[in-house]
1. Report relative contact order for region 328-373 in percent, whole number only (criteria: Cα-Cα under 8 Å, sequence separation at least 6).
2. Counting pairs of alpha carbon atoms under 8 Å apart in space and at least six apart in sequence, what relative contact order in percent does region 74-187 give?
3. Of 36, 71, 50, which is farthest on the positive side of the dipole of region 36-82, counting Cα position, with +1 on Lys and Arg Cβ, -1 on Asp and Glu Cβ, and the Cα centre as origin?
4. Assign one of three labels to region 328-373, namely rounded, prolate or oblate, based on the Cα gyration tensor with a ≥ b ≥ c the square roots of its eigenvalues; rounded applies when a/c is under 1.5, prolate when it is not and a/b is larger than b/c, and oblate otherwise.
Amino acid sequence: MEQKSVTLTDPEAFGLFGVKPVASGVNVTHATAMRVPAVACAVGLISETCGALPFKLHKREARAAVKDHPAYRLIHDEANPWTSAEDLREALTLDALLRGHGFAQVVRTSEGKPMELHRMDPGAVSVEYDTLGEPSYRVRLQGGGDVILAYQDVLHVSAFGGASPITLAREAIGLAIAAEQHLAGFYSNGGRPSGIIKHPNKLDAEGAKKIAASWFQTHGGKQAGGTAVLDENMDYVPISGTHTDAQFLENRLEQVREIARAFRIPPTLLFELSRGTWSNTEEMGRQFLTMTLRPWLKRWQAAYARVLLSPEERARLYVEAVTDDLLTTDFAARSTAYSQYRSAGVLTANEVRAGLNLPPMPEGNSLSNPYTTTGAEPAPANPQDDDE
């Protein structure tokens with residue numbers, strides 16, 4: 001077998017450290033990718049939303065919340081004494097977006113009931129599969145050595161295909177980084193030359209250097225835009241822009257759209273509003289819930305149920321992410337929906353008040369239609385009619 005030795009600076013060795021060189025010559029890692037504003041916005045939007053949405057445990061038949069189960073506290077309140085359930089979901093979703101996988105160890109009581117969830121560094125965990133495809137997790141310990149955990153003891157959330165969007169879209173992200181670096185160098189050097197100074201005589205290197213130094217001293221930096229005075233019959237020839245300059249901004253906008261495609265986020269949510277209108281922006285907001293968030297929420301629901309519920313409990317209980325908070329901003333539409341549910345006898349007054357974060361009323365548990373039932377006492381009979 002042929003063997004080849006490489007040094008740590010060779011491009012072939014970059015993959016050993018998670019560094020992905022791309023055609024643009026930029027090494028893309030999860031750290032360098034987060035310096036691209038579009039990537040940081042997409043990662044933060046998905047991870048923070050997954051963390052902020054409440055998760056609850058319900059009965060399948062009665063569809064009522066089961067608050068006395070240990071899993072309810074872990075998914076709704078706190079994962080451990082120093083980490084809330086929201087913070088753990090945000091951290092693991094962030095790990096999956098940046099590195100492909102997010103892991104948390106399940107700490108159980110002596111009876112086997114889940115007690116705490118603790119995040120594990122994705123770099124210290126490797127997934128191993130047996131012949132049937134059942135996963136187990138090899139965790140490298142800080143003090144040395146490793147330990148094998150069964151799949152029931154590891155909360156595992158992975159990105160699409162088990163690969164981070166940053167890895168799959170590293171060419172597009174690398175091009176965005178290269179464009180950013182080019183633009184930074186362009187402006188750090190004072191931008192494109194606005195013109196050329198022509199001298200009637202042939203100058204040696206020292207003379208040209210002196211003229212250039214004098215020009216930059218009097219018309220560079222904060223002095224740019226001042227009135228120029230030329231002597232020795234020198235002439236100033238302005239340089240007009242090129243088609244490449246005109247297309248540079250459009251190329252940068254296209255990279256934002258490419259990153260939006262990689263994360264399956266509508267471009268308007270990354271503040272790329274060049275083609276955004278009132279109607280399509282509202283529709284893209286709904287697409288973010290159904291096409292971007294829903295797959296992540298489904299993975300979280302399945303991961304929670306797999307490690308926090310026994311097979312017998314999964315037959316009668318289920319974990320659900322409540323997405324109503326994403327609709328609270330459109331108060332008029334939400335009020336119309338509540339009104340229709342109330343008149344159809346689907347929701348009681350107290351259920352509507354709970355959705356509005358208001359306390360219940362003693363008489364608010366009836367499903368009667370308030371728009372057709374007044375609840376008034378019947379009018380008393382006319383005494384004159386009784387006499388007749």
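1. Across region 328-373, relative contact order equals 36 percent.
2. That works out to 24 percent.
3. Among 36, 71, 50, the one farthest towards the positive end of the dipole of region 36-82 is 71.
4. oblate
Each value in this text was obtained by applying a stated rule to the coordinates, not by laboratory testing. Keep in mind that what you see is a predicted model, and the values were worked out from it rather than measured. Note that we place each Cβ from the backbone using ideal geometry, even for glycine, and neighbour counts take in every protein chain shown.
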